[in-house]
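Enquirer: The structure that follows is given in the form of structure tokens.
Nothing in this text is a laboratory measurement; each read-out follows from the coordinates by a stated rule. Here the structure is a predicted model, which is why all the values come from computation and not from measurement. Cβ coordinates were reconstructed from backbone atoms using ideal geometry, including for glycine residues, and neighbour counts include every protein chain displayed.
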Amino acid sequence: MGAPAAKKNDQIMGTCVGHLMPGPTGQITAPPQPFMAPVDKQVARSVEIEGSPAVLAGESWGVCNPPHIGLSDAWTAQLKQRGDITTGSQSVLVENKPLAHGNSQCTMCFGPATRLAATGFSVLVSER
Ligand SMILES: [Zn+2]
């Protein structure tokens, strides 16, 4: 069994620990922030998975939604709360980019995200 292929609006998920927010006497560490970013930017134009555009490692991205609020650090703007996909299939290329799948590694605001919740279960990507 392989990992499901990723399609538009599948989510990069994780928890950001270490954001900063205003405190009574300066910046303090914010509580852990859930990170959920539907991948909807720069998805494939020519290939669909189950009727939605395929997601491409190193190309497609999304922003945290709902956004973190109340921050006072470099990630205050929602567009900075970005998730990217850093790895994909070594053998399946879409538009010359690796097809992203459920085992792809991702990043969030800072550091690695926990997972890409890929839902294209009719297309399973195996790596050998
Ligand atoms: Zn964050």
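Enquirer: Per 5 Å bin, what is the whole-percent P(r) computed from every C-alpha pair distance within the chain?
Expert: So the P(r) values, bin by bin, are 2, 13, 22, 21, 15, 10, 7, 5, 3, 1, 1.
Enquirer: Another question, then. Remind me, relative contact order of the chain in percent, using alpha carbon pairs under 8 angstrom and six or more residues apart?
Expert: 34
Enquirer: For the peptides 66-74, 4-12, 49-57, 113-121, what is the packing order when you average, over each peptide's residues, the other Cβ atoms within 10 Å and list the highest mean first?
Expert: Taking the mean over residues of other Cβ atoms within 10 Å, the ranking is 4-12, 49-57, 113-121, 66-74.
Enquirer: Moving on. In nm, to one decimal, how far is the Val47 label point from the Ser91 one, both placed 7 Å along Cα→Cβ?
Expert: Label-label distance for Val47 and Ser91, simple model: 1.4 nm.
Enquirer: What's the extension gain from Leu79 to Ala117 if we count 0.36 nm per residue and subtract their Cα-Cα distance?
Expert: Gain on extension, Leu79 to Ala117, equals 11.6 nm.
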